[in-house]
1. Only Lys, Arg, Asp and Glu count, each charged at its Cβ (+1, +1, -1, -1), so figure out the dipole size of the chain about its Cα centre, rounded to 20 debye.
2. If I take every Cα pair under 8 Å that is 6 or more residues apart in segment 170-236, average their sequence separation and divide by the length, what percent do I get for the relative contact order?
3. Relative contact order of the chain, please, whole-number percent, based on alpha carbon pairs below 8 angstrom and at least 6 residues apart.
4. Please turn the phi angles of segment 97-105 into ³J(HN,Hα) values with the Karplus equation 6.51 cos²θ - 1.76 cosθ + 1.60 (θ = phi - 60°), one per residue in order, whole Hz, x for glycine and proline.
5. For segment 401-519, what is the largest minus smallest coordinate of the Cα atoms on each principal axis, given in angstrom and ordered from greatest to least?
6. Using θ = phi - 60° and the Karplus curve 6.51 cos²θ - 1.76 cosθ + 1.60, what whole-Hz ³J(HN,Hα) does each residue of segment 215-220 get, with Gly and Pro shown as x?
7. For segment 169-180, take each phi angle, set θ = phi - 60°, evaluate the Karplus expression 6.51 cos²θ - 1.76 cosθ + 1.60, and give the result in whole Hz per residue in order, putting x for glycine and proline.
8. Would you work out which of Gly120, Phe22, Ala240 lies farthest towards the positive end of the dipole of the chain, given +1 charges on the beta-carbon of Lys and Arg and -1 on that of Asp and Glu, about the Cα centre?
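Bear in mind these aren't lab numbers, they're just calculated from the coordinates by the rules spelled out. From a predicted model like this one, the values you see are computed outputs, not experimental measurements. We place every Cβ from the backbone using ideal geometry, glycine too, and count neighbours over all the protein chains shown.
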Amino acid sequence: MAKEQLQVLNALDSAKTQWYHFTAIVIAGMGFFTDAYDLFCISLVTKLLGRIYYHVEGSAKPGSLPPNVSAAVNGVALCGTLAGQVFFGWLGDKLGRKKVYGMTLMLMVICSVASGLSFGHTPKSVVSTLCFFRFWLGFGIGGDYPLSATIMSEYANKKTRGAFVAAVFAMQGFGILAGGLFAMLMSAIFEAKFKAPAYEVDPTGSTVPQADYLWRIILMVGALPAALTYYSRSKMPETARYTALVANNVKQATSDMAKVLQVDIEAEPVKTQEPAKSFGLFSKDFMRRHGLHLLGTTSTWFLLDIAFYSQNLFQKDIFSAIGWIPSAKTMNAVSEVYRIARAQTLIALCSTVPGYWFTVALIDKIGRFAIQLMGFFFMTVFMFALAFPYNYWTHKDHLIGFVVLYSLTFFFANFGPNATTFVVPAEIFPARLRSTCHGISAAAGKLGAMVGAFGFLYLAQPQDKTKAEAGFPAGIGVKNSLIVLGVVNFLGLLFTFFVPESKGKSLEELSGETNEERN
């Protein structure tokens, strides 16, 4: 790569923090706000779906989704996300970040709205429609991961790049928080407007017909933040690194960044030279230079998401197990949504959101490696602290202590590997493979999320089959499930040693692109 090409990139690396940095964080971050809202709001309404569509006349307990249906409803968006991460990650390197960015957002808007609609009123038709559109919603969300991370890392200066990329990801915390708050608001309105008795008083009357609108509204509102940022995304210029290093148009990159940075960047004439030696994803050169890096980013994200998603998607089950959410039969359908949303909101407010912003504040000071190692370490410690004395924590006098420790595992997931696994793959790979490698790393994470989401659903069931939820086989119980998650976190700590530190270095220095023409 000629030195003349580096001039525009040097300008980006040394640029002072400007308004365009914050604009880029908001534009990219609103995608992540939407991602989190859409992915996690489903856990707020699955109990309600069970009551509405799977009510059994004469049953002592409210209706609940059969195991295969629950797994499909909770996991289908994760399947779509995995596919979208790989596909759009690859496409972002082929067509450019900007062209693909708008596609993912529009897909998210359309499918958010469509997932709240249904063809027919039978359980099968409603769930089939929901799963179909949530798969494609996940597909769009998947594309947002590699593209948002890559765009932000390629726009940022090297001094504060980690904070900027982490800030985009931190919007996920606000998305989870917004989902909980909106569900609380809507369920409170429905509760006040449509009074209903508890299930144990009147099984049929406890689920008012209007409750069918509640879950649809909660899902469909996810389209709003994405729609509001569509125009801004379409006006963002292509990143200079893609234009200069992949499209080989240094003049255009210089022109674009001169406007964005509002400074004059002198475009020196490019000398005639041999093109830089490049290598593909499946080449020996890639494996030699970046093979262990890709192993590190994929394995740590995979292991993290097993723990993170099993906790997040099924925290309502854990809260029920420790008695924080009352028995379902003592509530009506709408009231149950409110209680579940309140629990999720409290966790998001006290641990999830603060954890993200601790990472933003400190990632460029203490580095990615230290934060990730520390996060996995404390997640392991707190998970074991919950698991081994589990019977102690389930006593009603000790519930607050359980919730505090449980919150701390979330805090250190977010002030730890949940943020750093997103940041690092956007920094350490060559520009022509950056989006692809980030997509592969993120897809490994979603594979872990599917293991966590599906596995924990079955594992956490009581060992006594008579106490398991309807349709579920006996599991290993919540205590043993938490021990398994603790072991998974410890493995994540070990695989972190394959991930290089990227603090304070330029993207070209990290990826080795400045030396490619000499190799």
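1. Roughly 160 debye, rounded to the nearest 20.
2. On the way: 21 pairs, mean separation 18.1, N = 67.
Normalised by residue count, the contact order of segment 170-236 is 27 percent.
3. 25
4. 5, 5, 4, 7, 4, x, 4, 5, 5
5. 68, 31, 18
6. Calculated HN-Hα couplings, in order: 5, 5, 5, 4, 5, 6 Hz.
7. Each residue's phi maps through the Karplus curve to give 5, 5, 4, 4, x, 5, x, 5, 4, 4, x, x Hz.
8. The Cα lying farthest towards the positive end belongs to Gly120.
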